[in-house]
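Reviewing the structure listed below.
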Amino acid sequence: MQPTTTSASPSHDAQPQAATISFQREIVIGLIAFLTVVDLFATQAILPTLAKAYGVSAAAMGPAVNASTLGMAVAGLAVAFFSNRIDRRQGVVASLALLSIPTALLAVAPDLTTFTLLRVIQGLFMSAAFTLTLAYLAEETCGQATASAFAAYITGNVASNLFGRLMSASIADSLGLAANFYLFAALNLAGAVLVYFTLNGMRHMAVAMTEPKSPIPVWRQHLRNRPLRATFAIGFCILFAFIGTFTYVNFVLVRPPLSLGMMSVGLVYFVFLPAILTTPLAGRLVARIGTRNTMWAALGLAACGLPLLLSSSLAPVLAGLTLVGVGTFFAQATATGFVGRAATTDPGSASGIYLACYFLGGLVGSAILGQLFVHVGWTACVAGVGAALAVAAGLATQLKSTAR
């Protein structure tokens, strides 16, 4: 009896300890995500101010602000191509440290062309850090832990959308545009420091390097994988819809009948708060009902918010933005987790291809929906978002509902 009791006791003690370690790991993963992509969407909160500062229209300023997605798409492909030759931890640290340079230079960008180029360079470094971290998670976790790790990373992404926009709007309104970009450069450096001191030491996240080999056969294998190929296209549609909604709604919020000031526009982005709470649940829902059904539920929720965006009252618009935010982030967490599980080889390159498609969707969405917004109106822009969600739902039929 005594040996049985003695051996059982450590097991009971180890369970809460393991849960604590897992929670701490997920907090760090979320913080790394936050500091990696906080620059990406924060600038959208001050888009009308930037358009006024550079003396350009919404159709010109929208693609300039979202030009970072071009850099992210290019870097995603580059990391995918050289994935098995890049040290994960060193790559993330270097990317975040270098990211601070173009971020600080945005404070003194003299014209729209320079601003756009710096946003592209920002995207290159953001995407490199983002892709390498996803590769880390795919390689160093398994089963339910993989889905939870990816959900934690996307939750950090969601938090960056909320708090990044709030910080950007408040700092730009009180201290000016230059102070805003200097603050975010400091956050980039903080991210590099966090990765340097934590990523290598976290359990289950040691650097995994494989023997150098040609990436072309690996890419062919990814692209012959039908569910994986569908997920790449779904990623394109997700950011297409998200960018179209949260870029051009800024102009709707500041003009009549809503007529919000810049600080009020910043507060609008509390609509991302529910997504911070729901996104970590993506892994659990996938485990319960499968990838396909989870994706449909997420896309359907986002679609339900679109009619509300056409209201002339603030409350329905806020409700619509909340639904779109919760749905698209939940879909993103589901898709990124599925890529890591569905890739039969080199998950780092699969993540890179996915992110390249994802951010290319944001760039295309910004351009196409910007033209619709300026020349046809907000209703046409929202209709374009709905079309992207519908295409993604159709593609989700190719995902195996039993995939975990």
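Just so it is clear, none of the values below were taken in a lab; they were calculated from the coordinates. What you see is a predicted model, and the numbers here were worked out from it, not measured in a lab. A quick note on method: Cβ atoms are made from the backbone with ideal geometry, for glycine too, and the neighbour counts reach across all protein chains shown.
Quick notes
- Nearest-20 debye value, the chain charge dipole, Cβ charges on Lys, Arg, Asp, Glu: 800
- Fully extended contour minus Cα-Cα distance, from V193 to A53, at 0.36 nm per residue: 47.1 nm
- Between R85 and R284, the contour length at 0.36 nm per residue exceeds the alpha carbon distance by 68.4 nm.
- The stretch 22-398 - Kirkwood radius from inverse mean 1/r over Cα pairs (Å): 20.2
- Here r is the Cβ-Cβ distance between Q24 and T345 and R0 is 25 Å; the resulting FRET efficiency, rounded to 0.05, is 0.20.
- Among D346, D173, the order by Cβ neighbours within 10 angstrom, fewest to most, reads D173, D346.
- Taking label positions 7 Å along the Cα-Cβ direction at both A297 and A387, the computed distance is 3.0 nm, reported to one decimal.
- Note on A315 and Q398: their simple-model spin labels are 4.3 nm apart, each label 7 Å out from Cα toward Cβ.
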